[in-house]
Amino acid sequence: QVQLVESGGGLVQAGGSLRLSCAASGRTFRSYYMGWFRQAPGKEREFVARISWIGGSAYYADSVKGRFTISRDHAKNTLTLQMNSLKPEDTAVYYCAAGATTSLSPGAYNYWGQGTQVTVAS
C-alpha cells in the first residue's frame, strides 16, 4: 500500500523559510512524477512544484519560482520542498502527491499524503 507522509509545516514570519518533507513507501516510483500542491481556505487545490523521480527535472508554478526548490532523495525515498522568502499568500495546507503523469492537475495524481499546514504571518 502506497503511503506518502508529509512533515515540516508550521508557523513562520513573512520572509522566513520552511522545509517540507514527504516520506514515500509502498511501491517503486521510478516512472512517477512527485509533486507538491497546496490548498488555502476557500480555494481550490493548486499546483506548486513537480519533479521526475528518476531524471530530477523540476517544474514550478510562477507564484513560487525562484523561492521554492523541489528535490528528491532516492536513498531515503523522500521528497523535499525548500520554501524561502515566504509570503502570507503562501499560507495553505501543503500536500505531497505521486502520479505517472506530467500533468499539473491535482486530479491526475494517484497518491496523496494527508497534508501539512503552513502559515505565514505578516
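The values are calculated or read from the model by the stated rules, or taken from the named source; none is laboratory data. Remember, it's a predicted structure, so these values are computed and weren't measured experimentally. Heads up, the Cβs are rebuilt from the backbone with ideal geometry, glycines too, and the neighbour counts pull from every protein chain shown. The protein model used for the area step is the full one, side chains on, heavy atoms only, and it has no ligands, DNA or RNA in it. Shrake-Rupley method; radii C 1.70, N 1.55, O 1.52, S 1.80 Å.
Given an 8 Å cut-off on Cα distances and at least 6 residues of separation, report the relative contact order of the chain as a percent. Before the final figure, lay out each step's value.
Working: 304 pairs, mean separation 42.9, N = 122.
Normalised by residue count, the contact order of the chain is 35 percent.
What GluC sites (Glu not before Pro) in region 38-100 are in a loop by DSSP, with at most 12 other Cβ atoms within 10 Å of the Cβ? Could you put the intermediate results ahead of the total?
Details: sites: 44, 46, 89; in loops: 44.
Here the GluC sites (Glu not before Pro) that fit, given the DSSP loop and packing criteria, are 44.
Using the Karplus equation 6.51 cos²θ - 1.76 cosθ + 1.60 (θ = phi - 60°), what ³J(HN,Hα) coupling, rounded to whole Hz, does each residue of region 30-37 give in order, writing x for Gly and Pro?
Coupling constants for region 30-37: 4, 9, 9, 9, 10, x, 10, 10 Hz.
Please report, as a whole percent, how much of the solvent-accessible surface of the chain comes from carbon and sulfur atoms (probe radius 1.4 Å).
Working: 2820 of 6040 Å².
So the carbon and sulfur contribution to the accessible surface is 47 percent.
So, with +1 on the Cβ of K and R and -1 on the Cβ of D and E, and no other charges, what is the size of the charge dipole of region 64-122 about its Cα centre, to the nearest 20 debye? Don't jump to the answer; show the numbers that get you there.
Values: 5 positive and 3 negative charges, 27 e Å.
Result for region 64-122 is approximately 120 debye, rounded to the nearest 20.
Hey, in the GNM for the chain with a 10 angstrom Cα cutoff, which one of 94, 59, 111 fluctuates hardest?
111
State log₁₀ I(q)/I(0) for the chain at q = 0.21 Å⁻¹ as given by the Debye formula over alpha-carbon point scatterers of equal weight, solvent excluded.
For the chain at q = 0.21 Å⁻¹, log10 I(q)/I(0) is -1.19.
Short version: ³J(HN,Hα) in whole Hz for each residue of region 95-106, in order, from phi by Karplus 6.51 cos²θ - 1.76 cosθ + 1.60 (θ = phi - 60°), x for Gly and Pro, what are they?
After applying 6.51 cos²θ - 1.76 cosθ + 1.60, I find 10, 8, 9, 9, x, 8, 7, 9, 5, 9, 7, x Hz.
With N residues in region 53-122, what two-decimal value do you get for its Cα radius of gyration over 2.2 N^0.38 Å?
Numbers: Rg = 12.9 Å, N = 70, 2.2 N^0.38 = 11.1 Å.
In units of the 2.2 N^0.38 Å rule of thumb, it is 1.17.
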